[in-house]
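J.: Below is the structure I would like to discuss, written out as structure tokens.
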């Protein structure tokens, strides 16, 4: 069935009680539920740049762009909207008081209109995959340039949007620009209705991640303080069903290296307590980061149950495993540990980062693992051979460094859009 924007809005209206109930669960202590209905708090009288990043992953990807917008457009008010509460908290950490974080309103016509009429942004920048027809149409009606930055459309997302092709096509027809991460992403946006002359292949600004020397120093200092000379591997952004497998791999590693340490970093904070119970049930001695307890020689697992410290955990480790990849979730950001020069392991399910994973594979900078025994067999030589560990880490870092530059291209696109507004 072909669904136009009017029918889409009707369906969304009928579903609004459920959508608003879910939205209520994703509101933080610093946000008001009224934001979901398009309410905008009083802001300084400045021109507004609006950037939307759905969740933690998109917010982290947007961090270099946020930093540059704050630096180059200090006369503007930067407003960052998110879909999830975890994304909201991450955005506030990145903004450091130099911008405003709000929850994105539901995509109903009257809500979108209320939001846009209150915010009056000079530009709307949406990260990666978010396509909200009424918000995009509202921008088009108000001649607000709408830019999709770091544009990504996985095969799964592409199939999902195809079910609503007419309404998506209508929305994308009015975009100012799409900065696609890869040729495949660009083609998928065009197939969904983005004008081909508005779509550019810029690469991913995720490659422009540039950890500060201070982060590396802090990580190594913490490693020394917490773990001494013990071999440390970290499993970052893990999901339900993965922690068990990673703990099993760690048990195998402990049989060969009894001093080994696993830092376990669950992706979602609501799982922290459940993972702690799992570690306890599995019989491991462990400490929780949130409790600031001393890590003892008898401990072998460190549960990083805090938000915003994933990069610090990578920096405090010798070897990194990136989660979301042992289960069909699609994987998480391989570039974060790679940018720190860490050897990178993952599972085989990397469809959300297929282009990045392909580059790593081409440069033999990624070790893929299928199961706990495979993880152990790959970890063991990396623990025992420092030169092998260093070589794989250098290959991973080289992939990051050779693909930087997307931020400059996408920022130039945003500058052109803002200049066109100033010329009006």
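The values are calculated or read from the model by the stated rules, or taken from the named source; none is laboratory data. Predicted, not measured: the structure shown is a model, and the values here were computed from it. Backbone-built Cβ (ideal geometry, glycine too); neighbour counts: all protein chains shown.
J.: Could you please find all residues in segment 128-143 being under 17 Å from residue 48 (Cβ atoms) and either in contact (Cβ under 8 Å) with a residue 60 or more places away in the chain or outside the structural domain of residue 194 (by TED's automatic domain parsing) (or both)?
T.: Within segment 128-143, 143 is the sole residue that qualifies.
J.: Could you look through segment 124-143, keep only residues that are more than 21 Å from the chain's Cα centre (by Cα) and crowded, with 22+ Cβ neighbours inside 10 Å, and pick out the one that is nearest to residue 105 (Cα to Cα)?
T.: 135
J.: For residue 316, state whether it is in contact (Cβ under 8 Å) with a residue 60 or more places away in the chain, in the same structural domain as residue 344 (by TED's automatic domain parsing), farther than 19 Å from residue 252 by Cβ and surrounded by 15 or more Cβ atoms within 10 Å (Cβ to Cβ).
T.: Considered against the rule, which asks whether it is in contact (Cβ under 8 Å) with a residue 60 or more places away in the chain, in the same structural domain as residue 344 (by TED's automatic domain parsing), farther than 19 Å from residue 252 by Cβ and surrounded by 15 or more Cβ atoms within 10 Å (Cβ to Cβ), residue 316 comes out as yes.
J.: Let me ask another. Here are some conditions: (1) touching a helix residue (DSSP H, G or I) at 6+ places or on another chain (Cβ under 6 Å); (2) surrounded by fewer than 22 Cβ atoms within 10 Å (Cβ to Cβ); (3) not in a loop (DSSP other than H, G, I, E, B). Residue 174 meets all but one. Which one does it not meet?
T.: (3)
J.: Against the conditions (1) under 23 Å from the mean Cα position of the chain (by Cα); (2) not in a loop (DSSP other than H, G, I, E, B), where does residue 210 fall short? Just the number, please.
T.: For residue 210, the failing item is (2).
J.: Further, regarding this structure: Would you check if there is a residue in segment 350-357 being in the same structural domain as residue 270 (by TED's automatic domain parsing), in a helix (DSSP H, G or I) and without any contact (Cβ under 8 Å) to a residue 60 or more places away in the chain?
T.: Taking every residue of segment 350-357 in turn, at least one turns out to be in the same structural domain as residue 270 (by TED's automatic domain parsing), in a helix (DSSP H, G or I) and without any contact (Cβ under 8 Å) to a residue 60 or more places away in the chain.
J.: Shifting gears a bit: If I go through segment 354-378 residue by residue, how many of them are touching a strand residue (DSSP E or B) at 6+ places or on another chain (Cβ under 9 Å), under 19 Å from residue 335 (Cα atoms) and surrounded by 15 or more Cβ atoms within 10 Å (Cβ to Cβ)?
T.: Total satisfying the criteria: 7.
J.: Of everything in segment 235-262, what is part of a strand (DSSP E or B) and under 20 Å from the mean Cα position of the chain (by Cα)? Give them in sequence order.
T.: Scanning segment 235-262 gives 235, 236, 237, 238.
J.: Given segment 32-150, what strands (runs of 3 or more DSSP E) lie entirely inside it while holding 1 or more residues that are closer than 21 Å to residue 17 by Cα? Even if it seems obvious, please write down each step before you answer.
T.: Details: elements: 48-52, 77-82, 100-103, 121-127.
Passing ranges, in order: 77-82, 100-103.
J.: All but one of (1) under 18 Å from the mean Cα position of the chain (by Cα); (2) assigned to a strand (DSSP E or B) hold for residue 327; which doesn't?
T.: Only one criterion in (1) under 18 Å from the mean Cα position of the chain (by Cα); (2) assigned to a strand (DSSP E or B) is unmet by residue 327, namely (2).
J.: Filter segment 21-30 for residues that are at pLDDT 85 or above and touching a helix residue (DSSP H, G or I) at 6+ places or on another chain (Cβ under 9 Å) and give the result.
T.: 30
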